[in-house]
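Asks: Take this structure, written in structure tokens, and hold onto it; I'll ask about it next.
FYI, it's all coordinate maths here, none of it is from the lab. Treat the numbers as computed from the prediction; the structure is a model and nothing was measured. Note that we place each Cβ from the backbone using ideal geometry, even for glycine, and neighbour counts take in every protein chain shown.
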């Protein structure tokens, strides 16, 4: 018995370095596998989110090859990991029997007194086999223990990495929950403020990496001729005062920092210097509307108590009443993820309605009128954003590329190269004849040319007879009216139907199909 225990301990001691090597290999392989899976899922999410563009431009093969490359990398790692786990499971399953074989061999050779051959009888055999039988299950499960330990380590590191990510610094913007008592006092103040999308630590790290490798890191702009330009602040020496209850328009050419200015207002950017202060509650309407998978009403109320009168007023002001009349269940119609069953204009107006329902003190509107038609633009301006709209007593900061409403705003900020180059009333800026005047002049010429081209297209289209008509009983795609069950689902306004479940025994056809898939 002593020799048997000694041989068993020796076998376990020999296997300890193997366990360490296998654990280290599985740890590295699991990290690499999850990294490849993250890249594949991220790419798949982007593909599904932009599937319309991919189909229109026939990019399917290019993106398929990219996805397949990540998938092949993932499968390669999974195959290597599977082989190691299979070998480990085989070794630990056979390990108790190997211990028994070695123990009996050593005992039969030198297990007696003075290292003489030991006597193997039924007592020794049965007692030893009982001991090895007790070790069979715990030793055989060592492979699963190692795999589980590695999984816990990898998952813990990933969760820790996520939880330790940098959070927004609340000290970037000095916030006052209430509006100032003086009605003439500004509610948004920026004094010599400089903002950047990168923190100083990230900038120093990227500069060190660039000095060592001669190249920037993965955050360096791909189209930048000089990588140091990407480290420059986005907004520099900004001095802005926005008065309470005024409508301020932020204009400028593409890529000059208009949207970044709104992001600075809400504290999404890093402040390198200067002072920033904002008073009162803020409602932000991003350029890309954010829609949740819920009903139209839930997207608008967004957790606040339902006020019928205010709700109806907002629906009218945002021009959503005609859209609700078209939807199957009105404002109870379910909206898909990312507003998949809404147009761009409908999503933007829904985002505006949500912001208006929050009854905030300050509204930051990042070009919400760019996604709507001209007549809807006028409706939103008249009944919601403009001087006579629903938000007329609120402080509004409107980023816009249009010029047709600029004469009616209280104040205009012109952004150029990340700085406020001009500010003032429309007439004042036009008399100055600087960058704002030049921008308005260029826009007017291009707008006139576009209108002329549209008129020519209408004339040519009216002279061409229509080639085909659509049947009254079919829609544009040629599909016939659905059956009663589909009609009921459409009338309920839901996107997700009930799951169909079969009762009774599993048919042989299903069983055979399952076996073939295995």
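Asks: Set the Förster radius R0 to 22 Å, insert the Cβ-Cβ distance between residue 430 and residue 243 as r into 1/(1 + (r/R0)^6), and round the FRET efficiency to 0.05. Provide the component values of the computation, followed by the final result.
Replies: On the way: r = 21 Å, r/R0 = 0.96.
Efficiency for this residue pair is about 0.55.
Asks: Sticking with this structure for a sec: Which length gain, in nm to one decimal place, applies between residue 443 and residue 109 when the Cα-Cα distance is subtracted from 0.36 nm times their residue separation? Could the numbers behind the result be given before it?
Replies: Numbers: separation 334, 0.36 × 334 = 120.24 nm, distance 9.97 nm.
Full extension from residue 443 to residue 109 adds 110.3 nm.
Asks: Between residue 292 and residue 374, what's the calculated FRET efficiency when r is the beta-carbon distance and R0 is 30 Å? Round to 0.05. Don't skip to the answer; put the middle values down first.
Replies: On the way: r = 29 Å, r/R0 = 0.97.
For residue 292 and residue 374, the calculated efficiency is 0.55.
Asks: Using the number of other C-beta atoms within 10 angstrom as an exposure proxy, rank 188, 152 with the fewest first.
Replies: With the sparsest Cβ surroundings first, the list reads 152, 188.
Asks: Let me ask another. Relative contact order of region 2-163, please, whole-number percent, based on alpha carbon pairs below 8 angstrom and at least 6 residues apart. Write down the numbers at each step before the final one.
Replies: Working: 103 pairs, mean separation 54.4, N = 162.
Normalised by residue count, the contact order of region 2-163 is 34 percent.
Asks: Just to be sure I understand the model, the point goes 7 Å from the Cα along the line to the Cβ. What's the resulting residue 152 to residue 93 distance in nm?
Replies: 2.5 nm
Asks: Please rank 315, 48, fewest neighbouring Cβ atoms within 10 Å first, as an exposure proxy.
Replies: Details: 315 21, 48 12.
With the fewest neighbours first, 315, 48 line up as 48, 315.
Asks: Taking a point 7 angstrom from the Cα of residue 171 along the C-beta vector, which residues in region 246-280 have backbone N less than 18 Å away?
Replies: 267-278
Asks: Tell me, 171, 396 in order of fewest to most beta-carbon neighbours within 10 Å?
Replies: Ordered by Cβ neighbours within 10 Å, fewest first: 171, 396.
Asks: Which whole-number percent is the relative contact order of region 363-420 (Cα, under 8 Å, 6+ apart)?
Replies: Computed value for region 363-420: 37 percent relative contact order.
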